[in-house]
Structures are given as structure tokens and as C-alpha cells.
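J.: First the structure, then my questions, so here it is.
The values are calculated or read from the model by the stated rules, or taken from the named source; none is laboratory data. Note that the structure is predicted; figures quoted are calculated from it, not measured. No Cβ is skipped: glycine too gets one built from the backbone with ideal geometry, and neighbour counts run over all protein chains shown.
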Amino acid sequence: MRLTRRQALGLSAGAIAFAATGLRAVPASASPEDAQKRIMDFTGGKTPESGKITLNAPEIAENGNTVPVSFEVESAMGGDDLVDSVMIVAEANPSPAVATFHFTELSGAAAATTRMRLAKTQNVIAVAKMKDGSVYMDKKEVKVTIGGCGG
Amino acid sequence: MAAPKPRVKVPKTASAGDIITIKTLISHTMESGQRKDKDGKPIPRKIINKFTCEFNGQKVFECDLDPAISANPFFEFNAKVNESGAFKFTWVDDDGSVYSSESKIEVK
């Protein structure tokens with residue numbers, strides 16, 4: 001079968017389109033919407049207010065593989081004033097979840113430090129869920145020089 | 001990979017009602033599942049997905065880890081101690097292995 005010029009052009013156009021979709025199929029980074037959805041799942045649909053929780057992360061992280069992150073929630077950690085859990089999400093990581101911390105009265109204070117990976121410059125969000133159901137959040141932008149999620 | 005080795009730092013003594021700081025570190029690659037090997041094949045995810053700390057059998061602190069936690073996961077957190085006893089730390093791997101460590105504390 002001989003290809004006419006028109007068919008040949010059509011074929012190559014298809015091939016280009018295919019290659020383009022192939023590229024797009026590579027896991028892209030999650031969008032802030034994904035992170036937002038995760039937060040909503042965590043809070044049970046409540047929009048978190050700002051305050052009570054303080055998130056600490058460096059302004060500039062040279063190496064995205066180990067970015068120190070810590071948080072602290074104002075709470076007496078006793079009686080009704082108890083923090084149930086704290087979730088950390090990174091908006092532009094391939095998967096936004098970073099970690100979820102669960103506290104009890106024996107925790108003494110609702111604070112923790114860990115190290116996380118960041119793929120690129122992005123917002124890091126910490127959401128605290130109190131025992132009484134109220135939710136609070138804090139947000140920090142971290143500039144990342146070298147991404148930390150491999151490639 | 002060598003078996004993950006937990007390292008824990010807990011004060012040896014405290015006064016009743018004190019809030020102490022605990023630091024833990026465990027050697028683990030925390031393979032995120034996002035990386036690819038030389039042939040372009042994805043390296044399967046293998047991380048520690050849960051960390052718990054108990055004091056005399058009561059839960060103190062717990063964390064669900066996601067692949068965004070760095071290799072050799074480090075945690076620093078607090079605990080309130082009212083009596084002498086032992087802290088038990090456990091790390092649960094994706095493959096089901098459990099690594100644990102214990103530290104005693106004396107309350108005066």
C-alpha cells in the first residue's frame with residue numbers, strides 16, 4: 001500500500017499527539033486542589049481557621065530531601081482542651097500527604113518535629129484537629145533549590 | 001539493606017508531672033515509590049508507615065507516615081510522665097516487619 005501525502009501527514013500528527021499524551025502520563029505533581037481535598041477529608045468538610053497552630057519550616061531549603069519541619073499547637077492537653085491530631089500536607093509534591101500525628105493526654109504538649117521531602121518550591125500546610133471538632137491551620141512557603149522526590 | 005536500627009533518646013530521670021522531650025531516629029531508606037532505576041522501571045515503594053510510642057502500655061504519640069517523610073525518619077515529640085516506667089517505640093514497615101525499642105525512665 002502506498003501512502004498518499006495526506007495520509008502520511010495524518011499518521012505523523014497522530015504519532016506526535018500520542019507522544020504528547022505519553023509525556024503527560026508521567027506522574028505530575030499534585031495540585032493545590034488535591035491538597036485541599038485531603039484537608040477536607042481530614043477535617044470532615046470544615047474549613048480550618050487560622051491560629052492556635054504554628055508551623056515552622058525553613059524559608060529556603062537547599063536540599064529537598066530532608067527539610068526540617070515542626071509544629072506546635074496551643075493547648076493545655078488536658079480535659080476538653082485536647083488536640084486530637086495534626087496533619088501536614090505539601091501542596092506540590094507528587095502525593096500531598098506528608099504525615100499525620102495523633103496525640104493523647106500523655107503527650108503533654110501537641111508539638112513534634114520531623115524531616116520531610118519536598119519536590120519543589122511550594123506551600124506546606126499544617127492542620128490541627130481539636131478534640132471538640134474545631135480545626136486550625138498554618139501555612140508556610142518553602143523555597144526548594146534541589147527537589148527531593150527523585151526522577 | 002541492613003536491618004533498620006532504631007535509636008532513641010529519653011531522659012533517664014524526671015520529676016512527676018514533667019513534660020519530657022523524646023527524640024527517635026531509625027535507619028531506613030523510605031523508598032518513596034516515585035523514583036526510577038537505571039532502566040527506567042519504578043522502584044517499588046517501601047516505607048515505614050506507622051510509628052507509635054507507648055508508656056506502660058498506654059498510647060502517648062502516634063504518627064502515620066507518608067512517602068514524603070525523609071529517609072531515616074526522625075521524630076521529636078513530648079511526653080508527660082507521672083510515674084516510673086518504660087517507653088515502648090514501634091515502627092511498622094510496609095512489608096509488615098515491626099522494629100521496636102524500649103527505654104526506661106525513673107520518676108522521682
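J.: Of B:87, B:77, which residue is closer than 25 Å to residue A:87 by Cα, at the interface with chain A (Cβ under 7 Å from one of its Cβ atoms), in a strand (DSSP E or B) and among the aromatic types (Phe, Trp, Tyr)? Give the derivation first.
T.: Details: B:87 fails: at the interface with chain A (Cβ under 7 Å from one of its Cβ atoms).
After ruling out the rest, the residue left standing is B:77.
J.: Select from the stretch B:7-45 the residues that are over 18 Å from residue A:66 (Cβ atoms), within 16 Å of the chain's Cα centre (by Cα) and part of a strand (DSSP E or B) and list them in ascending order.
T.: Listed by number, the residues that qualify are B:8, B:9, B:21, B:22.
J.: Is the stretch B:13-31 home to any residue that is within 11 Å of chain A (Cβ to nearest Cβ), modelled with pLDDT under 95, surrounded by 16 or more Cβ atoms within 10 Å (Cβ to Cβ) and under 25 Å from residue A:90 (Cα atoms)?
T.: The answer is yes, given that some residue of the stretch B:13-31 is within 11 Å of chain A (Cβ to nearest Cβ), modelled with pLDDT under 95, surrounded by 16 or more Cβ atoms within 10 Å (Cβ to Cβ) and under 25 Å from residue A:90 (Cα atoms).
J.: Please state which of the following conditions residue B:72 fails to meet, knowing it meets all the rest: (1) in contact with a His (Cβ under 7 Å, 6 or more places away or on another chain); (2) crowded, with 22+ Cβ neighbours inside 10 Å.
T.: (2)
J.: So if I check each of B:88, B:41, B:46, which one is within 24 Å of residue B:20 (Cβ to Cβ) and charged (D, E, K, R)?
T.: Sole residue among the options that is within 24 Å of residue B:20 (Cβ to Cβ) and charged (D, E, K, R): B:88.
J.: Let me ask you something else. Please go through the stretch A:92-111 and pick out each residue that is in contact (Cβ under 8 Å) with a residue 40 or more places away in the chain and surrounded by fewer than 23 Cβ atoms within 10 Å (Cβ to Cβ).
T.: Of all residues in the stretch A:92-111, those in contact (Cβ under 8 Å) with a residue 40 or more places away in the chain come to A:92-97, A:100, A:111.
Those that are in contact (Cβ under 8 Å) with a residue 40 or more places away in the chain and surrounded by fewer than 23 Cβ atoms within 10 Å (Cβ to Cβ): A:92, A:94, A:95, A:97, A:100.
J.: Output the number of residues of the stretch A:73-98 satisfying the condition of being at the interface with chain B (Cβ under 10 Å from one of its Cβ atoms) and either at positive phi or out of contact with any Cys (no Cβ under 7 Å at 6 or more places or on another chain) (or both).
T.: So the count comes out to 12.
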